[in-house]
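What follows is a set of notes on a single structure, which appears directly below.
Values in this text are rule-based calculations from the coordinates and carry no lab data. Predicted model only: the values in this text are computed from it and were never measured. Glycine gets a Cβ as well: all are built from the backbone with ideal geometry, and neighbour counts include every protein chain shown.
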Amino acid sequence: MSAMLEIKNLSKTFNKGTINEKIALDHINLTLNEGDFVTVIGGNGAGKSTMLNAVAGVWPVDEGAIIVDGNNITGLPDFKRATLIGRVFQDPMLGSAPDMQIIENLALAARRGKRRTLKWGVTKKEKEDYKEQLKILDLGLEDRLTQKVGLLSGGQRQALTLLMASIQKPKLLLLDEHTAALDPKTAKKVLDITKMIVERDHLTALMVTHNMKDAIQTGNRLIMMYNGHIMFEVSGEEKKNLTVDQLMKMFSQAAGEEFADDQSLLNK
Ligand SMILES: Nc1ncnc2c1ncn2[C@@H]1O[C@H](COP(=O)(O)OP(=O)(O)O)[C@@H](O)[C@H]1O
Ligand SMILES: [Mg+2]
């Protein structure tokens, strides 16, 4: 098994030297092997999004290294990481272009990071391929190829963004509460699509969620973050058999007695 993502001794402080100074990541270490699907939980402000943003290269980190498939990408700007990393955010409005057609969005995603050639137009074969991909989503989008993305529902847009983020089979898929803005039924559908794509394409993924049940039932590893640290990890059989109650107990024990009654830490 080879490491697909190595996060080494990673630290990030916001507003250093000011009254608003915040240590968001405090010497984090995490390794994902090829095909690992890691769910990330933790209360508001624990550092979950900061960890994903650091991997995506949104801003420079203070200390540490990020290595993707053997390449040290710590100093690379985000656009140079875009072919390695696919992302889906919480906001369905991000990640796809509303004024462009479904097919144009998919074609752009398929060409991201690639050199423009004379063959910029969408070929017949591509069109068939996109139709096939959209059909699998089971949202009826395969018959709406030329419709503007801005007309889609939040769930349809997240599903499309998932397709776009994974269309080039990225080394790493980053999902930051990508179902949180959706109603429960749609959220489940998008999560099911997520699991299907990750499994089918054998992707390596990090998924932040505030739904502990989803965190337990998705992927092969679960990590709990708190205060810029990874507190603990659960994987394999232990993760499969975990209950939300047990997870809460583990959190309380790791965080210390003062948090024993504060279950709200995990819930928004
Ligand atoms: N761009 C930023 N500028 C200043 N502070 C930030 C920024 N991003 C995150 N933070 C702070 O870092 C901490 C961790 O935030 P974040 O990673 O977004 O938490 P989570 O995703 O776990 O809820 C919080 O205190 C947050 O306010
Ligand atoms: Mg967040």
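Worth a mention:
- Between the Cα long axis of helix 102-111 and the first principal axis of the chain there is an angle of about 70°, rounded to the nearest 10.
- Distant alpha-carbon pairs in region 1-115 (separation over 18 angstrom), percent: 59 percent
- For residue 192, net neighbour charge (Lys/Arg +1, Asp/Glu -1) across residues whose Cβ lies under 13 Å away: +2
- Given charges at Cβ of Lys, Arg, Asp, Glu: the chain dipole, positive-most of 84, 55, 149: 149
- Within the chain, antiparallel bridges make up roughly 60 percent of the DSSP beta bridges whose residues both belong there.
- Charge context of residue 2, other residues only, Cβ under 10 angstrom, K/R +1, D/E -1: -2
- With the simple spin-label model, which puts each label point 7 Å out from Cα in the Cβ direction, the residue 195 to residue 2 separation comes to 2.9 nm.
- The Cα trace of region 85-216 gives Rg and Dmax of 14.3, 48 Å, the first to one decimal, the second as a whole number.
- Each 5 Å bin, from zero up to the one with the longest distance, holds this percent of the alpha carbon pairs of the chain: 1, 6, 12, 16, 18, 16, 13, 9, 5, 2, 1, 0, 0.
- Calculated mean residue ellipticity, 222 nm, the chain: -10000 deg cm²/dmol, from DSSP H runs (n ≥ 4) at -39500 (n - 2.57) each, averaged per residue and rounded to 500.
- Averaging the sequence gap over all C-alpha pairs within less than 8 Å and six or more residues apart, then dividing by the number of residues, gives the chain a relative contact order of 26 percent.
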